[in-house]
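Asker: Could you have a look at this structure, given as structure tokens, before my questions?
The values are calculated or read from the model by the stated rules, or taken from the named source; none is laboratory data. The model shown is predicted, which means the values in this text are computed figures rather than measured ones. Here the Cβ positions follow ideal geometry from the backbone for every residue, glycine too, while neighbour counts run over all protein chains shown. Each accessible area value is taken on the protein alone, full model and side chains, heavy atoms only, with ligands, DNA and RNA left out. Shrake-Rupley method; radii C 1.70, N 1.55, O 1.52, S 1.80 Å.
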Amino acid sequence: MASDRIVFGAAALPEPDRAWLAAAEQLPIESIWQGGHVLPPTDSGEAVTRLALLAAWTERVRIGTAVLLLPLYNPVVVAKQLADLDSRSGGRVSVGLGVGGEFPVEFQAIGVPRAERGSRTDEAMEALRALWKGGPASYHGKYFRFDEVELRPVRPPGEEGSRMQPGGPPLLVSGRKEAAMRRAARLADGWMPYLVSPDAYARSVQTIREEASNARRDLAGFEWVIYLYCSVRRDGEKAKEDVARFLGRAYGDKPSAILDRIAPAGTPEEVAAVIQKYVDAGARHVIISPAAFDNTLEIVTLAAEEVLPRLSTP
């Protein structure tokens, strides 16, 4: 799926909605994403449930989790869920994953020590690969163990066999810290950070390339993604107000100087100038996450129709 072409995706905010998704599929975007917590502090959805809605209510675009908090899930269970959704959607699923930790109650309630979330994620990624390779699979880790089990993805009606992608859905690591970059370099099919500046994105690309080189891993086909909170409006001041209100509520109050570096806001021309910096830093798949509480489809529409055409690869 990786290429040197610039493509846009969108986050289906605030929740997957059939009419919103139908309109978004008519735009020149290639992917739609949603994630979610297990015990969020608000009445919002869970990642696999939301992914199932994306699978049911879209036909063309790639669909993905942004993100799935993998250490909270048993990898055998989630491997089956993701394999079935990939098969039923015709091989359109991608798995953006992270370690979470911002809501400790989730880990306490599920019985997963928060300090183990990184190592559990590493093992779970390896276990998913083993289960998705086809045929009997075994895995012996510190946290997860199974012997000679076979995962069989559901066969869509009218098909002779599964339509799951060979080897399973791509795994894209999200995060901002070096541990996440190392995980992406060693185990993932792509890198999908969020709330980072173009300069920080460029440094992460360098870190991942160096780590992969040290591990003697070829990154051919690796996907360079950016999950980008932003607002695009005809009225640039309205867009800036969107971002300040949205990120202030979601991530705590941030000075406007910081928001300007990590969450583009303004007219299509202004936002394109900032996103071009991410492209210059190495990003090729830009996921537009509308940082607004109203009319999020307008943001995605303006981004797809008036921002994307202004971008070019170095």
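Asker: Output yes when any residue across the range 61-70 is open to solvent by 20 Å² or more (accessible area, probe 1.4 Å), more than 20 Å from Val225 (Cβ to Cβ) and modelled with pLDDT of 95 or more, and no when none is.
Answerer: No, the range 61-70 contains no residue that is open to solvent by 20 Å² or more (accessible area, probe 1.4 Å), more than 20 Å from Val225 (Cβ to Cβ) and modelled with pLDDT of 95 or more.
Asker: Could you list, in sequence order, the residues of the range 179-193 that are under 18 Å from Tyr229 (Cα atoms) and in contact (Cβ under 8 Å) with a residue 60 or more places away in the chain?
Answerer: Met192
Asker: Another question, then. Is the range 158-171 home to any residue that is buried (at least 17 other Cβ atoms within 10 Å of the Cβ) and not in a loop (DSSP other than H, G, I, E, B)?
Answerer: Within the range 158-171, one or more residues are buried (at least 17 other Cβ atoms within 10 Å of the Cβ) and not in a loop (DSSP other than H, G, I, E, B).
Asker: Okay, moving on. For Ala22, are the conditions met, namely being in contact (Cβ under 8 Å) with a residue 40 or more places away in the chain and either part of a strand (DSSP E or B) or hydrophobic (A, V, I, L, M, F, W, C) (or both)?
Answerer: The answer is no for Ala22.
Asker: Can I ask one more? Answer yes if at least one residue in the range 198-205 is in a strand (DSSP E or B), in contact with a helix residue (DSSP H, G or I) (Cβ under 9 Å, 6 or more places away or on another chain) and buried (at least 17 other Cβ atoms within 10 Å of the Cβ), and no otherwise.
Answerer: First pass over the range 198-205, keeping only residues in a strand (DSSP E or B): none.
No: the range 198-205 contains no residue that is in a strand (DSSP E or B), in contact with a helix residue (DSSP H, G or I) (Cβ under 9 Å, 6 or more places away or on another chain) and buried (at least 17 other Cβ atoms within 10 Å of the Cβ).
Asker: Tell me which residues, restricted to the range 29-56, are under 15 Å from Tyr73 (Cα atoms), of a type in the set (A, V, I, L, M, F, W, C), open to solvent by 10 Å² or more (accessible area, probe 1.4 Å) and free of Cβ contacts under 8 Å to residues at least 60 places away in the same chain.
Answerer: The one that is under 15 Å from Tyr73 (Cα atoms), of a type in the set (A, V, I, L, M, F, W, C), open to solvent by 10 Å² or more (accessible area, probe 1.4 Å) and free of Cβ contacts under 8 Å to residues at least 60 places away in the same chain: Val48.
Asker: If you check Arg114, Arg88, Arg129, Arg120, which single one turns out to be within 20 Å of Thr49 (Cβ to Cβ), touching a helix residue (DSSP H, G or I) at 6+ places or on another chain (Cβ under 9 Å) and modelled with pLDDT of 95 or more?
Answerer: Within the list Arg114, Arg88, Arg129, Arg120, the selection yields Arg88.
Asker: I'd like the full set of residues that are open to solvent by 50 Å² or more (accessible area, probe 1.4 Å), in a loop (DSSP other than H, G, I, E, B) and not hydroxyl-bearing (Ser, Thr, Tyr), limited to the range 117-153.
Answerer: Lys133, Pro136, Lys142, Glu150, Arg152
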